[in-house]
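Where a number appears in this text, it was derived from the coordinates with a stated rule and is not lab data. Predicted model, so just to flag it, every value in this text is computed and none were measured. Every residue, glycine among them, receives a Cβ derived from its backbone with ideal geometry; neighbour counts consider all protein chains shown.
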Amino acid sequence: MDHFTRRIVGFGVDRGVVDGVGLCRTFNRATRRQTPATYVSSDHDPLYRFSQWQRNLRILEVQEIKTVPYAPLSHPCVERLIGTIRRECLDHTHFWTTADLEMKLLDFQRYYNGHRTHAGLAGRTPDPSTDPVRARATLSSSRCQVHCRGLYHTSIAA
């Protein structure tokens, strides 16, 4: 999630046990075709201590910012987004493979960013293409902050 625009940046779905390599793969898949982030906000999950993750951030020139430990309310927008994805998408969707899940999550991302209005954005959508004033502001800020949490590294049983 981009904190500035409240836009879902992307999803990375990976099958199996998540380790440092899998975390890097899902993060890179979730943020592909995006302007590189300057900052990544992550929680204190042991996954973010893997050396592969640290090297990935160093290569991408991304600075990691840790949330407040044991305080899920330190990022209320992200917590609300995760709940929204669970309530409005995952609780009502059946999927059979990782590719099927990823396709359904991308459909939800297009709906969320382009059609679903948000009270926190004064009834606008997060997609800058629907509002020319916001489009200029978003394009002028070339780098953003992305939040990493459980949805980026959700394991799926085969």
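Give me Glu102, Glu88 ranked fewest to most by other Cβ atoms within 10 Å of their Cβ, as a rough exposure proxy. Before the final figure, lay out the partial values.
Working: Glu102 19, Glu88 14.
With the fewest neighbours first, Glu102, Glu88 line up as Glu88, Glu102.
Using just the C-alpha positions of the range 1-103 as equal point scatterers, what log10 of I(q)/I(0) does the Debye formula give at each q in 0.25 1/Å? One equal scatterer on each Cα of the range 1-103 leads to -1.60.
For Asp14, nonlocal amide neighbours, meaning residues 5 or more places apart or on other chains whose placed amide H falls under 5 Å from its own, are Thr154.
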